[in-house]
Amino acid sequence: MSKLTGKVAVVTGGSKGIGAAIAKALAAQGASVVVNYASSRAGADEVVAAITAAGGKAVAVAGDVSKAADAKGIIDTTVETYGRLDIVVNNSGV
Ligand SMILES: NC(=O)c1ccc[n+]([C@@H]2O[C@H](COP(=O)([O-])OP(=O)(O)OC[C@H]3O[C@@H](n4cnc5c(N)ncnc54)[C@H](OP(=O)(O)O)[C@@H]3O)[C@@H](O)[C@H]2O)c1
């Protein structure tokens, strides 16, 4: 069993760059990962595909974290999808 098996993580800005690398690293340790993105759906889907191809669990969830309703939506979707939330990596930015 990996260190993060059973844990659920949100990575904001997970569609590319540092966030994508963090999302893959958390998944490799066993976490189920919500890969948030603002506009790069294709990038987020690629990250999810890479994680699932490696045997991990991930979903892509859209949302602009600068908007309160979107931020709440990301968290609500996480809990609806995986039933809990353990880790938030607030990476999004430019
Ligand atoms: N790279 C560096 O050398 C460096 C140095 C110091 C600090 N940082 C910080 O590290 C973080 C990641 O950097 P990076 O180089 O990996 O950036 P990046 O490749 O430009 O990726 C930025 C990520 O943040 C997302 N994003 C931007 N605004 C968002 C918003 N309002 N809501 C949700 N997601 C949003 C983007 O999503 P979309 O693609 O969908 O827009 C993308 O997934 C940033 O906070 C940056 O300031 C980076």
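The values are calculated or read from the model by the stated rules, or taken from the named source; none is laboratory data. Because the structure is a prediction, the values reported are computed rather than measured. Positions of Cβ are backbone-derived with ideal geometry, glycine not excepted, and every protein chain shown enters the neighbour counts. Side chains are part of the model used for accessible areas, which takes the heavy atoms of the whole protein and leaves out ligands, DNA and RNA. Shrake-Rupley method; radii C 1.70, N 1.55, O 1.52, S 1.80 Å.
Looking at K57, K72 in this structure, which one is closer than 25 Å to K3 by Cβ and basic (K, R)?
Going through K57, K72 in turn, just one is closer than 25 Å to K3 by Cβ and basic (K, R): K57.
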Those residues of segment 38-75 which are assigned to a helix (DSSP H, G or I), in contact with a Gly (Cβ under 7 Å, 6 or more places away or on another chain) and free of Cβ contacts under 8 Å to residues at least 60 places away in the same chain amount to A44, V47, D70, A71, G73
Matching residues in segment 76-93 (surrounded by 16 or more Cβ atoms within 10 Å (Cβ to Cβ) and part of a helix (DSSP H, G or I)) number 3
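For (1) at pLDDT below 95; (2) more than 13 Å from the ligand (Cβ to nearest atom), each residue gets a yes or a no:
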{"site": "S2", "(1), (2)": "yes, yes"}
{"site": "S15", "(1), (2)": "no, no"}
{"site": "G30", "(1), (2)": "no, yes"}
{"site": "Y37", "(1), (2)": "no, no"}
{"site": "G43", "(1), (2)": "no, no"}
{"site": "K57", "(1), (2)": "no, yes"}
{"site": "I74", "(1), (2)": "no, no"}
- Taking the condition open to solvent by less than 10 Å² (accessible area, probe 1.4 Å) and either in contact with a helix residue (DSSP H, G or I) (Cβ under 9 Å, 6 or more places away or on another chain) or of a type outside the set (V, I, T) (or both), does V11 pass? yes
